[in-house]
Amino acid sequence: MADRYLHLTGTAPGRFLTRRLGLPQPAPLRRWTLDTPRLDGPLLHLTAGTSAIRDGLAKVLATTGLTVEERPARPAGIVLDATGVASARGLAEVHAALHPVVRSLAPGGRIVVLGTPPSSGDHHQAAAQQALEGFVRSLGKEVGRGSTVQLLRLPADGTPEAAESTLRFLLSPRSAYVSGQVIELTAAAPGSVPDRDAPLTGRTALVTGAARGIGASVASVLARDGADVIVLDVPGARDDLVRTADRLGATALPLDITAPDAAARIAAAAPGGLDVLVHNAGITRDRRLANMPAERWAQVIEVNLDSVLRTTDELLAAGALNRGGRIVATASIAGIAGNDGQTNYAASKAGVIGLVRSLGPRAAAEHGVTVNAVAPGFIETRMTAAVPFLIREAGRRMNSLSQGGLPADVAEAVAWFAQPDSGAVNGQVLRVCGQSLLGA
Ligand SMILES: NC(=O)c1ccc[n+]([C@@H]2O[C@H](COP(=O)([O-])OP(=O)(O)OC[C@H]3O[C@@H](n4cnc5c(N)ncnc54)[C@H](O)[C@@H]3O)[C@@H](O)[C@H]2O)c1
């Protein structure tokens with residue numbers, strides 16, 4: 001179901017009319033393409049107060065492929081290092097650094113504020129660092145023109161190298177539909193990639209629910225990044241699944257993820273072990289609780305949560321995930337904000353968030369595997385095309401970018417989690433929602 005409003009505001013008369021009526025003005029987002037793999041313009045590196053990581057951060061920023069300039073007229077990206085801000089007074093430095101330049105940010109630009117975790121032993125530092133969260137979330141709502149703003153927290157005594165893969169993602173067209181997010185890195189060794197243009201070369205990835213929609217896009221982006229991909233979907237979707245597999249040079253595995261032998265069959269399909277496991281398969285069976293029969297409740301919990309828990313446990317126990325492996329699950333902003341008619345779905349997706357936060361640290365310690373989740377907002381797929389018109393329009397507009405996301409936006413976030421050098425990214429839930437007002 002095409003977004004006609006986005007099309008309308010892309011024309012001069014449409015822009016004029018909607019502006020006069022005070023309606024939202026979505027800017028066309030610049031996403032990754034072969035011809036535009038990077039932001040189109042220089043990067044500005046600012047520091048609030050003093051920073052212990054300035055030189056190290058400069059080296060990391062050089063890996064983004066962007067040119068760092070002292071005073072660019074129109075920066076495509078701005079990185080503000082606020083790791084040294086430890087008091088309410090120090091926040092003035094944040095204002096002083098960004099106030100003069102924020103208006104010069106190019107359309108589709110990126111602002112990343114670097115901070116550290118709020119300390120439990122120093123409430124002044126904690127206040128100042130927590131303040132950055134409110135700052136970033138507000139600025140995300142202000143910048144407009146398809147630009148985004150995030151807060152990236154480095155571990156307390158960590159080095160900026162841990163942030164390399166994350167900064168490359170956030171300062172690129174790949175994160176077009178991610179805004180107002182807080183990402184917290186761990187102190188784990190991040191790992192490395194020999195080829196940044198094909199970071200998943202030699203890695204085997206399996207994506208569930210990959211016959212269509214977001215899953216097919218995830219498979220496609222992982223294949224683009226060099227992975228050998230196995231696509232899994234229910235036997236009833238075999239034709240679409242085989243078409244997706246053929247298009248990508250992937251292997252098709254028709255299998256219901258709720259089957260008792262699902263984990264064993266996945267392991268058998270990847271004899272060399274899996275490096276990336278993407279739990280994407282999901283269903284909705286909406287009804288208000290008062291009208292919801294037990295089987296509708298059970299189906300959703302079974303597909304969206306129980307099978308994710310079961311296959312994850314069994315694959316980890318069998319050693320079917322290689323060290324350095326990455327598990328990426330799919331939550332939803334419904335699991336954060338709740339949704340009328342979706343007690344079952346929201347429970348299942350909130351459950352996924354619980355799983356990720358609890359298992360992430362243990363899976364890293366015991367198996368060398370990270371566990372993260374994407375939480376999509378309104379993404380243009382068959383699932384959302386079936387939503388009634390007014391709710392669909394609200395979903396599209398009620399976010400800072402005033403439009404729905406595309407499956408590729410979720411896929412790019414999954415691919416960042418999946419990278420071998422994203423080892424410091426663990427237990428995170430990244431909303432890919434254009435900074436939706438729901439659950440914000
Ligand atoms: N589209 C959105 O706006 C949105 C928002 C938030 C979260 N999500 C989540 O993203 C994921 C993908 O959503 P989508 O919009 O692409 O949905 P979709 O319905 O287009 O695709 C889901 C795929 O999962 C498959 N699947 C369902 N049950 C399965 C099972 N038991 N075993 C194997 N495969 C199964 C389906 O056959 C289908 O191909 C889901 O987990 C969904 O809950 C989507």
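The values are calculated or read from the model by the stated rules, or taken from the named source; none is laboratory data. The structure displayed is predicted, hence computed values, not measured ones. Note: ideal-geometry Cβ built from the backbone for every residue, glycine included; neighbour counts use all protein chains shown.
Taken across the range 299-313, residues that are within 13 Å of the ligand (Cβ to nearest atom) and touching a Phe, Trp or Tyr at 6+ places or on another chain (Cβ under 8 Å) do occur, with at least one present.
If you go through the range 222-241 and keep only what is surrounded by fewer than 24 Cβ atoms within 10 Å (Cβ to Cβ), aliphatic (A, V, I, L, M) and part of a helix (DSSP H, G or I), you end up with 223, 237. Looking at the range 20-33, is at least one residue without any contact (Cβ under 8 Å) to a residue 24 or more places away in the chain and in the same structural domain as residue 160 (by TED's automatic domain parsing)? For the range 20-33, residues without any contact (Cβ under 8 Å) to a residue 24 or more places away in the chain and in the same structural domain as residue 160 (by TED's automatic domain parsing): absent.
Considering only the range 153-161, I want to know if a residue exists there that is in contact (Cβ under 8 Å) with a residue 12 or more places away in the chain, assigned to a helix (DSSP H, G or I) and either crowded, with 24+ Cβ neighbours inside 10 Å or not hydroxyl-bearing (Ser, Thr, Tyr) (or both). Within the range 153-161, one or more residues are in contact (Cβ under 8 Å) with a residue 12 or more places away in the chain, assigned to a helix (DSSP H, G or I) and either crowded, with 24+ Cβ neighbours inside 10 Å or not hydroxyl-bearing (Ser, Thr, Tyr) (or both).
Evaluated against (1) surrounded by 17 or more Cβ atoms within 10 Å (Cβ to Cβ); (2) over 21 Å from residue 161 (Cα atoms); (3) more than 13 Å from the ligand (Cβ to nearest atom); (4) of a type in the set (S, T, N, Q), residue 244 falls short on exactly one condition, (3).
Cβ-Cβ contacts under 9 Å between residues 6 or more apart (or on different chains), taken from a first residue in the range 372-401 that is more than 13 Å from the ligand (Cβ to nearest atom) to a second residue that is basic (Lys, Arg) and not in a loop (DSSP other than H, G, I, E, B), are listed as 372/326; 400/141.
Does residue 259 fit the bill of being near the ligand (Cβ under 10 Å from one of its atoms), surrounded by fewer than 19 Cβ atoms within 10 Å (Cβ to Cβ), among the small types (Gly, Ala, Ser) and modelled with pLDDT of 95 or more? Taking the combined requirement at face value, the residue satisfies it. The conditions of being at pLDDT 95 or above, part of a helix (DSSP H, G or I) and more than 14 Å from the ligand (Cβ to nearest atom) are not met by residue 347.
Quick check on the range 272-285. Is at least one of its residues over 20 Å from residue 407 (Cα atoms), surrounded by 14 or more Cβ atoms within 10 Å (Cβ to Cβ) and within 14 Å of the ligand (Cβ to nearest atom)?
Yes, the range 272-285 contains at least one residue that is over 20 Å from residue 407 (Cα atoms), surrounded by 14 or more Cβ atoms within 10 Å (Cβ to Cβ) and within 14 Å of the ligand (Cβ to nearest atom).
Counting only helices (runs of 4 or more DSSP H) that sit completely within the range 280-344, those holding 3 or more residues that are in contact with a strand residue (DSSP E or B) (Cβ under 7 Å, 6 or more places away or on another chain) correspond to 307-317, 334-337.
Scanning the range 380-417 for residues being outside any loop (DSSP other than H, G, I, E, B), closer than 22 Å to residue 283 by Cα and modelled with pLDDT under 95 gives a total of 12. Taking the range 219-241 as the range and being of a type outside the set (A, V, I, L, M) and away from the ligand (no atom under 12 Å from the Cβ) as the test, the residues that pass are 220, 224, 225, 226, 228. Just one of the listed residues (2, 48) is touching a residue at least 40 places away in the same chain (Cβ under 8 Å), over 19 Å from residue 179 (Cβ atoms) and either under 27 Å from the mean Cα position of the chain (by Cα) or buried (at least 18 other Cβ atoms within 10 Å of the Cβ) (or both), and it is 48.
Residue pairs whose Cβ atoms lie under 7 Å apart, sitting 6 or more positions apart in sequence or on different chains, and linking a residue in the range 410-437 that is farther than 18 Å from residue 363 by Cα to a partner that is assigned to a loop (DSSP other than H, G, I, E, B) and of a type in the set (Ser, Thr, Tyr), are 416/422; 432/177; 434/177; 434/179; 434/400; 435/179; 435/400. Which number in (1) in a loop (DSSP other than H, G, I, E, B); (2) in contact with a helix residue (DSSP H, G or I) (Cβ under 6 Å, 6 or more places away or on another chain) marks the one condition that residue 259 misses? Just one mismatch for residue 259, condition (2).
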